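Contents: one structure, followed by commentary.
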Amino acid sequence: MTHPPPPTLIVVNACIATGDPRRPWATALAIHEKNLAAIASTTEIIKMANSATNIVDARGRTVILPAGVSVGSAVRVVTTAGGDVMISLEDQV
């Protein structure tokens with residue numbers, strides 16, 4: 001069984017509104033290159049990381065995913081000096 005590549009960036013300790021009625025909230029997400037790889041708990045996402053993964057601690061801040069974002073979507077993540085995390089679809093930036 002092949003494992004997916006480790007994420008290039010993860011956002012942990014967040015309050016993520018997923019837009020999925022089956023799982024409306026999560027605490028972390030993983031991005032590999034420019035694609036959203038996973039949305040899950042911080043515990044689950046941390047296990048995916050390796051030493052090259054950039055880790056952003058959202059410190060409990062809310063992350064709202066734009067409409068239409070799902071695993072596999074091409075996204076852009078921007079972190080501000082104040083620690084805010086902004087995510088947009090790649091074609092919207």
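The values are calculated or read from the model by the stated rules, or taken from the named source; none is laboratory data. Keep in mind it's a predicted model, so treat the numbers as computed, not measured. Every residue, glycine as well, gets a Cβ built from its backbone with ideal geometry; the counts of neighbours run over all protein chains shown. Accessible surface is based on the protein model in full, side chains and every heavy atom, while ligands, DNA and RNA are left aside. Shrake-Rupley method; radii C 1.70, N 1.55, O 1.52, S 1.80 Å.
Observations on the model:
- Integer Hz, Karplus 6.51/-1.76/1.60 couplings in order for segment 71-81, x for Gly and Pro: 4, x, 5, 7, 10, 10, 10, 10, 10, 8, 4
- Dividing the helix sum by the residues of the chain, where each DSSP H run of 4 or more adds -39500 (n - 2.57), gives a mean residue ellipticity at 222 nm of -1000 deg cm²/dmol.
- Sum of side-chain charges, Ile87 neighbourhood, beta-carbon under 13 Å (Lys, Arg +1; Asp, Glu -1): +1
- Local charge for Cys15 was computed over the other residues whose Cβ lies under 15 Å away, with Lys and Arg +1 and Asp and Glu -1, and equals 0.
- Gain on full extension, evaluated as 0.36 nm per residue between Arg59 and Lys34 minus their Cα-Cα distance, stands at 6.7 nm.
- The residues of the chain expose, per residue, 60 Å² of accessible area to a 1.4 Å probe.
- Note on the chain: Kirkwood hydrodynamic radius from all Cα pairs is 13.1 Å, rounded to one decimal.
- Carbon and sulfur %, accessible surface of the chain computed with the full protein complex present, 1.4 Å: 56 percent
- Label separation (Ala74 vs His3): 2.8 nm, computed from points 7 Å beyond Cα along the C-beta direction.
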